[in-house]
Every structure is written in structure tokens, then in C-alpha cells.
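K.L.:
Quick one: the structure is below, questions incoming.
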Amino acid sequence: MHLVGRPRLPLRQLNRARASRAFTVLAIESSADDTGVAVVTSSGQILSNVVIKQHTVHEGYGGIHPFEAVRAHQRNLPGAVRDALSVAQLRATDVDGIAFTRGPGMRGCLGVGASAAKTLAAALDKPVVGVHHMQAHALTALLTEASAPPTFPFLTLLVSGGHTLLLLATSRTEFRILATTPDESIGRVFDKVSRMLEIPWTSLGPGAALEDFCRDAAVQEGSMTVPNLPRSMPGVMGFSFAGLHSAVERFIRTQGGIGCLDESTRRALAAEFQRAAVGQLEEKVRLALKWSRGAGHDVRHVVVSGGVASNAYLRERLRLTVGDASLGSPIALVFPPPALCTDNAVMIAWASMHRFLAGDVDEYSILVRPKWNIEELSV
Ligand code: KG4
Ligand code: ZN
């Protein structure tokens, strides 16, 4: 038997939901190594936000292990759905729509969330929407800055373990990629350098531990001088962190290994790495603002999100960069709260909302898109 999915949310059902109360979405995020489930309403109320992290599963692999990530999503997702409903004090039947991360991301991981979402939706006879993960990151500020939301067009810089991306958002569905990276993401390079420098993690992740480690770094007498690390691709709208990573590695090797560096040199090296990595972000934001002005886009907001955006040094430097570029009319720098900058399902629910409300929903047979260019959102 061939079952046909739901083409559009029937107006009757939509109007009922609109008339009675806010539209309530249960969303699932499983694109990489965090299992997220959230319940969010169309009025922007976050009724629950469950995130189950997997970093302990992947710690020994030096990156996300795809097979282990799928297994962890399979293990964690049912409990996360139960918890999200229970915290929201709702039954599954109370939810109006189900959203999930359709892509981009790791195929197996996306599949776990997509199957769960579509099956739930079909069984409950609810509409389903598959969401672009990066669009969701980019639209988060419209939820978190509800009292003074960024106005289109705005720039958004996504800096995390999975992404290093600078976008121009001209509407909820139209984005232009201004800069991205062909190699490693900034977050992964923070992680690798943190490991190379043998910085203790404690309860912080490796990137935050590096920031902490070099907070008051000053080269002490008798310590080695650390070299100035390269700013990759000056003048070009693109990121690259692999060269920076190699430069740190090379310096450590030429000194005879990490065991030959005293603590003050390690701190100075961490600080120089952070300065070079953030310096690259500063330069690209400066270039993007200049390009936007030239192209006639009146950008008034720069939204910075992703795990690396919680770095205080980065915040300070970008504040100076955007302040300098403000030329008469101010440009606001917006940092959504860290808990909603890292991967979560609240952003997925929020990014699906305009589609649910417009009745533009997906069929139950919709497939994941592990590779999905944000410039081709509507294709
Ligand atoms: O957005 P996020 O939580 O999730 C993934 O992309 O998976 O980003 C995590 C990344 C990690 O690489 C982490 O080390 C980095 O963000 N990170 C930081 C800081 N806090 C988290 N990097 C630099 N400084 C920080 N304070
Ligand atoms: Zn993400």
C-alpha cells in the first residue's frame, strides 16, 4: 500500500489552533552530537528545552564518531521527548506540530531525529516541518531579542564546533553566504589547540578552558617568545583555520614538544592563538560590513552565535570592530544567550513556526538533506 503524506496543513485545523491559543511545536534536533527536544509556542514561549550532550562519548576519538553519535541519539531521543513533554506539562496530543532538523548535518544522526519526528507526526495526525539547521541558528535572535529584534537585513556570524559562517540575512528564508571555511571550523581548532597545549578541561569544554587558561597571560621573564601567528587570507571573504592550527603545532614541535614549554609560554601561546583566530573573525566582519554598505544593504544588526561566541575576548574585540564600523548610525551587536547559541531544538521549533503558521508544511515522506546550501533554502 502506498501512503501519501500531508501536502498542506488544512486551514480548518490551522484556524482552530490560531483561534484557541498559540501554536505549539515540539521540535527535535539531532544533526551532530547533541540530542535536543523542545516545546515552543508561536508567541515565543519556551515551554521546555532538553539537550543531551554526547561529548563524553566522542572524547577519545578526537571528533564526532558518526556511528557512536547515531547510537547515542537512538538511546537518548525517546527519553528526551518524554522529558520535554513532561517539563512543558503537555501530552503529545496537545502539540500542534512537529519540527525536526532536516539538514545539513551527519546523515545517520539526522535520520534518527527525522524518523522519530515524522512517525510521531503521522501517528498523532499532526503536521511536520523539516528545518535547515543554519537558518535556525540565524533566526534565534528573533526569538531571544523579542523586545528589540534584529531587523532585516542583518549579518549573522555563526562560530561553533560545526560551523564558521558569516551570512547576510535579508528575510527569514533568504540568506547569502559571505564567508565560510573550506577546512576546519573555528571551534574544532580551539578544541585541538587546547588539547595540544594540554590545558586541563575541568567542567568547561576545551575551547572555554583555553580562554580561561590564557585570560591573564603575560610572558614572564625567562619564558620563550611565542611567534606571531598568521591571519589567514587577509582581504578575502573566507575563513581558514587549518594554517593557524599547523602553525601552533609547528612551533611546539620546533621547541621539542609540549613537555619542553613552561606554563607561562603555554599561556602566551594560547593567548596568541586566540588573538589570531578572533582577529580573523574581526577582519571578515569588517569586510562584510563594508561590502554590505557598498551593495546597498543597510545593516543595523550583527548577530553572533555558536559555542565560540561565549568567548569574552571575542565579544570585546567584535564590539570594537562593530563600533568602528558604525559611522554615524549605530550598528547593534547581538549575542543570543549561550544556551540558545549552542545546538538546541528551541531554534528548530522557532524556525519552523512561520511555515506552520502559513500552512506550508512538509509531507511525511520528506527525506533528510545532509548537504544543504542555505542559499538554496526554498529549492
Ligand atoms: O555551538 P556548539 O556548542 O556546538 C557544536 O558546534 O557542536 O559549539 C561548541 C564549540 C566547541 O568547539 C567549544 O570548544 C567551543 O564551541 N567553545 C569555545 C568557548 N566555549 C565553547 N571556544 C572558545 N571560547 C569559548 N569560551
Ligand atoms: Zn549548530
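The values are calculated or read from the model by the stated rules, or taken from the named source; none is laboratory data. Fair warning: this is a prediction, and the values are worked out from it, not measured in the lab. Please note: Cβ atoms are built from the backbone with ideal geometry, for glycine as well, and neighbour counts cover all protein chains shown. Accessible surface areas use protein heavy atoms only, side chains included; no ligands, DNA or RNA. Shrake-Rupley method; radii C 1.70, N 1.55, O 1.52, S 1.80 Å.
K.L.:
Check the stretch 64-72 and report whether any residue there is not in a helix (DSSP H, G or I) and not assigned by TED's automatic domain parsing to the domain that holds Val193. Explain how you work it out, then say what you get.
P.N.:
If we filter the stretch 64-72 for residues that are not in a helix (DSSP H, G or I), which is where we start, we get 64-65.
Subsequent filtering for residues that are not assigned by TED's automatic domain parsing to the domain that holds Val193 retains 64-65.
Scanning the stretch 64-72 turns up at least one residue that is not in a helix (DSSP H, G or I) and not assigned by TED's automatic domain parsing to the domain that holds Val193.
K.L.:
Scan the stretch 53-89 for residues that are within 16 Å of ligand 2 (Cβ to nearest atom), modelled with pLDDT under 95 and open to solvent by less than 50 Å² (accessible area, probe 1.4 Å) and jot them down.
P.N.:
Of everything in the stretch 53-89, those that are within 16 Å of ligand 2 (Cβ to nearest atom), modelled with pLDDT under 95 and open to solvent by less than 50 Å² (accessible area, probe 1.4 Å) turn out to be Gln54, His58, Gly63, Ile64, Ala69.
K.L.:
Check Ile186, Ile177 and return the single one that is of a type in the set (A, V, I, L, M, F, W, C), near ligand 1 (Cβ under 10 Å from one of its atoms) and touching a strand residue (DSSP E or B) at 6+ places or on another chain (Cβ under 8 Å). Reasoning before the result, please.
P.N.:
On the way: Ile177 fails: near ligand 1 (Cβ under 10 Å from one of its atoms).
Being of a type in the set (A, V, I, L, M, F, W, C), near ligand 1 (Cβ under 10 Å from one of its atoms) and touching a strand residue (DSSP E or B) at 6+ places or on another chain (Cβ under 8 Å) holds for just one of Ile186, Ile177, which is Ile186.
K.L.:
With the checklist (1) over 20 Å from the mean Cα position of the chain (by Cα); (2) open to solvent by 20 Å² or more (accessible area, probe 1.4 Å); (3) touching a residue at least 24 places away in the same chain (Cβ under 8 Å) in hand, flag the one item Asp183 doesn't pass.
P.N.:
Of the numbered conditions (1) over 20 Å from the mean Cα position of the chain (by Cα); (2) open to solvent by 20 Å² or more (accessible area, probe 1.4 Å); (3) touching a residue at least 24 places away in the same chain (Cβ under 8 Å), the odd one out for Asp183 is (1).
K.L.:
Here is a further query. Identify, from the list Val278, Val248, Val285, the residue that is in a helix (DSSP H, G or I), open to solvent by less than 60 Å² (accessible area, probe 1.4 Å) and touching a Lys or Arg at 6+ places or on another chain (Cβ under 6 Å). So that I can check it myself, show each step before the final result.
P.N.:
Details: Val248 fails: touching a Lys or Arg at 6+ places or on another chain (Cβ under 6 Å); Val285 fails: touching a Lys or Arg at 6+ places or on another chain (Cβ under 6 Å).
Being in a helix (DSSP H, G or I), open to solvent by less than 60 Å² (accessible area, probe 1.4 Å) and touching a Lys or Arg at 6+ places or on another chain (Cβ under 6 Å) holds for just one of Val278, Val248, Val285, which is Val278.
K.L.:
Also, I was wondering about something else. Of the residues Ser203, Ser194, only one is open to solvent by less than 60 Å² (accessible area, probe 1.4 Å) and either in contact with a Pro (Cβ under 9 Å, 6 or more places away or on another chain) or within 15 Å of ligand 1 (Cβ to nearest atom) (or both); which?
P.N.:
Unique residue meeting the criteria: Ser194.
K.L.:
Another question about this same structure. Output the residues belonging to the stretch 323-352 that are open to solvent by less than 10 Å² (accessible area, probe 1.4 Å) and touching a helix residue (DSSP H, G or I) at 6+ places or on another chain (Cβ under 7 Å).
P.N.:
Pro336, Cys341, Val346, Met347, Ile348, Ala351
K.L.:
Shifting gears a bit: Which ones in the stretch 145-191 are away from ligand 2 (no atom under 15 Å from the Cβ) and among the hydroxyl-bearing types (Ser, Thr, Tyr)?
P.N.:
Matches in the stretch 145-191: Ser147, Thr151, Thr170, Ser171, Thr173.
K.L.:
Just wondering, is there one or more residues in the stretch 101-110 that are open to solvent by 20 Å² or more (accessible area, probe 1.4 Å), small (Gly, Ala, Ser) and within 19 Å of Asn373 (Cβ to Cβ)?
P.N.:
Step one: filter the stretch 101-110 for residues open to solvent by 20 Å² or more (accessible area, probe 1.4 Å), giving 102, 104-108.
So of that shortlist, the ones also small (Gly, Ala, Ser) come out as 105, 108.
Narrowing further to those that are within 19 Å of Asn373 (Cβ to Cβ): 105.
There is at least one residue in the stretch 101-110 that is open to solvent by 20 Å² or more (accessible area, probe 1.4 Å), small (Gly, Ala, Ser) and within 19 Å of Asn373 (Cβ to Cβ).
K.L.:
A follow-up question, please. With respect to the numbered conditions (1) open to solvent by 20 Å² or more (accessible area, probe 1.4 Å); (2) under 19 Å from the mean Cα position of the chain (by Cα); (3) of a type in the set (A, V, I, L, M), which one is the sole condition not fulfilled by Ala92?
P.N.:
(2)
K.L.:
A further question on this structure: Any residue at all in the stretch 298-307 that is crowded, with 21+ Cβ neighbours inside 10 Å, assigned to a helix (DSSP H, G or I) and modelled with pLDDT under 95?
P.N.:
Yes, the conditions are met somewhere in the stretch 298-307.
K.L.:
Looking at the stretch 192-208 only, could you name the residues that are assigned to a helix (DSSP H, G or I) and either within 15 Å of ligand 2 (Cβ to nearest atom) or among the polar types (S, T, N, Q) (or both)? Reasoning before the result, please.
P.N.:
Taking the stretch 192-208 as the starting set, the residues that turn out to be assigned to a helix (DSSP H, G or I) are 192-196, 206-208.
Answer for the stretch 192-208, where residues must be assigned to a helix (DSSP H, G or I) and either within 15 Å of ligand 2 (Cβ to nearest atom) or among the polar types (S, T, N, Q) (or both): Ser194, Gly207.
K.L.:
Next up: Being touching a strand residue (DSSP E or B) at 6+ places or on another chain (Cβ under 6 Å), at pLDDT below 95 and assigned by TED's automatic domain parsing to the domain that holds Gly113: is that true of Ile374 here?
P.N.:
Values: touching a strand residue (DSSP E or B) at 6+ places or on another chain (Cβ under 6 Å): yes; at pLDDT below 95: yes; assigned by TED's automatic domain parsing to the domain that holds Gly113: yes.
So Ile374 fits the description; yes.
K.L.:
Can you pull out every residue in the stretch 114-143 that is within 21 Å of Leu165 (Cβ to Cβ) and either open to solvent by 40 Å² or more (accessible area, probe 1.4 Å) or within 14 Å of ligand 2 (Cβ to nearest atom) (or both)?
P.N.:
Hits for the stretch 114-143 are Val131, His132, His133, Met134, Gln135, Ala136, His137, Ala138, Leu139, Thr140.
K.L.:
Going through Ser86, Ser43, Ser48 one at a time, which residue ends up being of a type in the set (Ser, Thr, Tyr) and in a helix (DSSP H, G or I)?
P.N.:
After applying the criteria, what remains is Ser86.
K.L.:
Kindly indicate which of Thr156, Thr170 is hydroxyl-bearing (Ser, Thr, Tyr), more than 23 Å from Pro234 (Cα to Cα) and at pLDDT 95 or above.
P.N.:
Only one candidate passes the filter, namely Thr170.
K.L.:
Kindly list, by first and then second residue, each pair from a residue in the stretch 336-357 that is within 10 Å of His137 (Cβ to Cβ) to a residue that is within 11 Å of ligand 2 (Cβ to nearest atom) and open to solvent by 30 Å² or more (accessible area, probe 1.4 Å), limited to pairs with Cβ atoms under 6 Å and residues at least 6 apart or on different chains.
P.N.:
Thr342/Gly307
K.L.:
Moving to a separate point now. How many residues does the stretch 154-179 contain that are assigned to a loop (DSSP other than H, G, I, E, B) and buried (at least 20 other Cβ atoms within 10 Å of the Cβ)?
P.N.:
4
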